[in-house]
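Readers should treat all values here as calculations from the given coordinates under stated rules, not as data from a laboratory. Because the structure is predicted, anything quoted here is derived from the model rather than measured. Quick reminder, even Gly has a Cβ in these numbers, built from the backbone with ideal geometry, and neighbours come from all protein chains shown.
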């Protein structure tokens, strides 16, 4: 850690010696306008009056230029602005059409001419496309793109893949896409209006979902973070909600999907019928003034009714169903699990200018998802069906206050929560769960800990306060963020009978042999756990305008992650307490340097440390499995003492039951916070006033990456042919460090990773009816810290293959894509005139997204535990981690809209959009398990048949009324 701090200090010193970023990105949901006022000779003009007016809301900010002729208007609402400069003895000059997006700093400089104040010189135009005030690597998905790019899923989180250095795969509904940025498969820092929207227990989860009605813009950042940002080593995804304006504006829409509008799912059995598709989606929005120029409101509502049975085909054969006596309720005539989804979104927001120096905003967001029969198909039947209930909401307020012309304060307070549970579906079975191996699953819906009876909630209280002082060329900012997280989980006390054959089940059911099962498993004890965590962050930074061409941003951030308290158990000394890492200091620096007087070429660079919050699930597992379990799974075979007669279950552990030797989970006593040294450089050149090209390089060096290691195993001295040590399943003093336990799975912070990427980006701002952005990334990410999908949602990695050496697993990260290309574009042609040609060409719009990449790797796994470490994670001899390839991915989404004006304020949209319009088969999963002999050699030629694909072509159509 000392070496990393020395390196960070050197990086900071280098940044100070050369110069660096700006405060633009530090305003999560706002923008700023700044510049310098000069006279015709180039001399600065102190004391000039600069007014900044939001043309949407009429709100105004008036400033006076400082001794260097500079001005800064911070924390401005998004929208279009008019900026005006006035000074006695000079003509008034104003610039209109200055558009602010989230986190943007628009640079507006003025050269005033000698003359009377009453004379006005007007200029129209946006800020330079090669933004001289931008240092981060990221992009803003603007309002036009959010509303008009194809998005059949209705899930704006899928827009994350429009950013360079991002890999993974989309979510087809309102779930969580698997986002990986900078080669690190940990947290994405999801935000709504700058407040946290990140679930804390596992990597990759957002708290609240989103839809178009609650998103005005999306701000994506993957590198070049100001000290204000943290809690990620990958991406900040900030969804900015809409606000009302001085005009009443609203919309109502309906969109639908049907069976004929979708293709057969890839890899569906040829004998299976095409699943049904039935989706209805309704939205409504309204915003406007309560008091003109002062008080505004916005409201939005969305309802989605979706049939999810398309991929829930039941594969139990009619012959087996008949022998088992399964009814038409258990296996419906349609042959599918009748899964569906009913989703409600609501957003209410108000913005109130309390006084010229105080602005208050308040927001409430609500989401509810009811998903009956929420299980997969295959061998499952309706007997096992559970209803999934998911409710999320958040309430937040923001107060922006100015104290004189040079001091500003931003206070944000939020409460957010998620509550999900499962209950038995109508028509579900009763009694214990039953599985006949390879035949069918039926009985009660209580086969796992997450079935009927499962309950989970997470509540987050958050307070953020940032204070800014303007002094000459400096903008000093200091702030803090406190998040208090409460977690509760109740698992289902499952009961599961497993039978080897249909005949064995029938013998037990008839009473002829009530113990003909293979095993009976039941969870007994207290299945609840509750704990809390506190995340504290502090930062200080300075945004320094060194000259008209050079800006710097430098500072330091401190993160303290107070994780849950341990549950001590005398037999496990490691459970006595969890270490809290208190030295998480993160210096950062960067610059933006305009290389030419025409402001067409900008060089940006930055470097700094980013800390990753620990995954709370690590600590939950260590609390639950500390050697003194609150719950215990009793697994009995028919001859075990106290084994029940089918269908009886246990009221407690049976008399004479021998508690199995425990395997425990612990946290390493020296477990430290994961961090990354993140550096980038980018050169952007404006080729025209609305078209630019960028070249960039990103390096990420990860340290203290968490790895789950079995620290109780002692090698036997035998090895596999490739040198992997072999262990023993017997528990003796010769095979275990501590004979009181079988396995001791310890989370250790010993992993390392690197990511290097070159990017090329082309950006065409909207003009002449066309806008587009395209990026290509050439990247390689490696690490020696595999984590499974238990902790990193969507990860296909297996556990460490050799508990004695993490370097044996040094390889490509599971979300590595060597080549990644993405293009998004909007085309709205417009010609003059009123003839037939103009009528046909005008009022049309085409939006499309093109994605092409070299595909993700996968880990090839043997079908047996070769090194006898008790984990089914071994690779065949001669095969390294993540050397399999799913194959290239090519996908085109498209959206066509025909606008029909209905008077001066009303407009109807008729639209159709498609996911995977060319129905290209892209492989998402394969059978990666290889049959091997006892020595680990494959017994047949390697083949990895596809088992699943990304979404087939899906078409959605609808209409929308705007006013």
In Å, descending, principal axis extents of the Cα set of the stretch 634-764: 82, 44, 33
For 285, 105, order by how many other beta-carbon atoms lie within 10 Å, fewest first: 285, 105
Translational diffusion coefficient (Stokes-Einstein; Kirkwood radius from C-alpha pairs) of the stretch 55-135 at 10 °C, 1.306 mPa s, in µm²/s: 115 µm²/s
For 675, 558, order by how many other beta-carbon atoms lie within 10 Å, fewest first: 558, 675
Using alpha carbons only: equivalent-ellipsoid semi-axes of the chain, gyration tensor based, whole Å: 53, 33, 26
Sequence-separation-based contact order of the stretch 398-533, relative, with Cα cut under 8 Å and 6+ spacing, percent: 24 percent
Relative contact order (%) - the stretch 684-838, alpha-carbon pairs under 8 angstrom, separation at least six: 23 percent
Principal axis dimensions, largest first and in whole angstrom, of the stretch 862-933 by Cα: 75, 24, 16
Relative contact order computed over the chain (Cα-Cα under 8 Å; 6+ residues apart), in percent: 10 percent
Measure of compaction for the stretch 700-764 (Cα Rg per 2.2 N^0.38 Å): 1.83
Rounded tilt (10° steps) of 2-18 against the dominant C-alpha axis of the chain: 20 degrees
Helix-derived mean residue ellipticity, 222 nm - over the chain, DSSP H n ≥ 4, -39500 (n - 2.57), to 500: -1500 deg cm²/dmol
Inter-centroid distance (Cα atoms) of the stretch 55-134 relative to the stretch 280-302, Å: 29 Å
Separation between Cα centres of the stretch 780-820 and the stretch 599-668, rounded to whole Å: 21 Å
Rg over Rh, two decimals, the stretch 778-880 (C-alpha only, Kirkwood Rh): 1.37
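Starting with the fewest neighbours, write out 619, 517 ranked by other beta-carbon atoms found within 10 Å of each beta-carbon.
619, 517
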Normalised per residue, the volume of the convex hull around the Cα set of the stretch 364-467 (Å³): 114 Å³
Fraction of beta bridges assigned by DSSP in the chain that are antiparallel (%, nearest 5): 90 percent
Span from the the stretch 210-249 Cα centroid across to the the stretch 752-771 one, whole angstrom: 18 Å
Per principal axis, descending, Cα span of the stretch 265-406 in whole Å: 82, 25, 22
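Mind pulling up the Rg/Rh value for the stretch 201-336? Radius of gyration and Kirkwood radius, both on Cα.
Checking Rg against Rh, the ratio lands at 1.16.
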